[in-house]
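What follows is a single structure, written as structure tokens, with notes after it.
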Amino acid sequence: MLNYASRSQAALFWKHIMTREIALTLLATISPISELRGGIPLGISLGLDPLFTFFIAVIANALIFFPVFFALRLFYDKLLYRIPLFDKYLENLRKRGKPKVEKYGFWGLTLFVAIPLPITGAYTGTILAWLLGMDWKKAFPAVGLGVVVAGVVVLLITLGITSTS
């Protein structure tokens, strides 16, 4: 039987190990290249509970929306609007994209983010929403829902469960 001191040391050891695995999972998840497509498989391969890994990856990946969207807005408001060529390009892009945003908007952005392929995901979806002039209050739920769907797909694939089986 373990005494209190050795149980405490064992708990500290596992806490340290799990903290490292969680940190690595979060780093992979917030990376623009891998996002949760890399974070979920990594976390599970490091021994984290699959549902725990899913939840932390989805939350971290969805919350990327805010720094990306508002950094783009700030960067544009402070610098890019002063460049006439860029300002005209953005205005033209938003004007051309407006009918598509009105037609597909929420569901189009959700579907774009939900497909777990390279260059689709929270980062690209957020940039697309900003470029097309979508209101952040409408764009964030779309990106968030897309992240949840992508997370479910990645989790099921990682666990070896596919829709065809």
Margin query: Can you find, within segment 99-138, the residue that is surrounded by the most Cβ atoms within 10 Å (Cβ to Cβ) among those that are more than 14 Å from Glu35 (Cα to Cα) and among the hydroxyl-bearing types (Ser, Thr, Tyr)?
Written below: Thr110
Margin query: So, in segment 37-55, exactly how many residues are crowded, with 19+ Cβ neighbours inside 10 Å and either of a type outside the set (A, V, I, L, M, F, W, C) or within 12 Å of the chain's Cα centre (by Cα) (or both)?
Written below: 7
Check: Going by the conditions given, is Ile56 at positive phi, among the β-branched types (Val, Ile, Thr) and either in contact (Cβ under 8 Å) with a residue 12 or more places away in the chain or outside any helix (DSSP H, G or I) (or both)?
Finding: no
Next item on the list: Give the residue, chosen from Arg73, Arg82, Arg96, that is charged (D, E, K, R), modelled with pLDDT under 95 and touching a helix residue (DSSP H, G or I) at 6+ places or on another chain (Cβ under 8 Å).
Entry: Arg73
Note to self: Here's a check for you: in segment 22-36, which residue that is surrounded by 19 or more Cβ atoms within 10 Å (Cβ to Cβ) and β-branched (Val, Ile, Thr) is farthest from Val143 (Cα to Cα)?
What the structure shows: Thr25
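The values are calculated or read from the model by the stated rules, or taken from the named source; none is laboratory data. Please read these numbers as outputs of a predicted model, since none were measured by experiment. Positions of Cβ are backbone-derived with ideal geometry, glycine not excepted, and every protein chain shown enters the neighbour counts.
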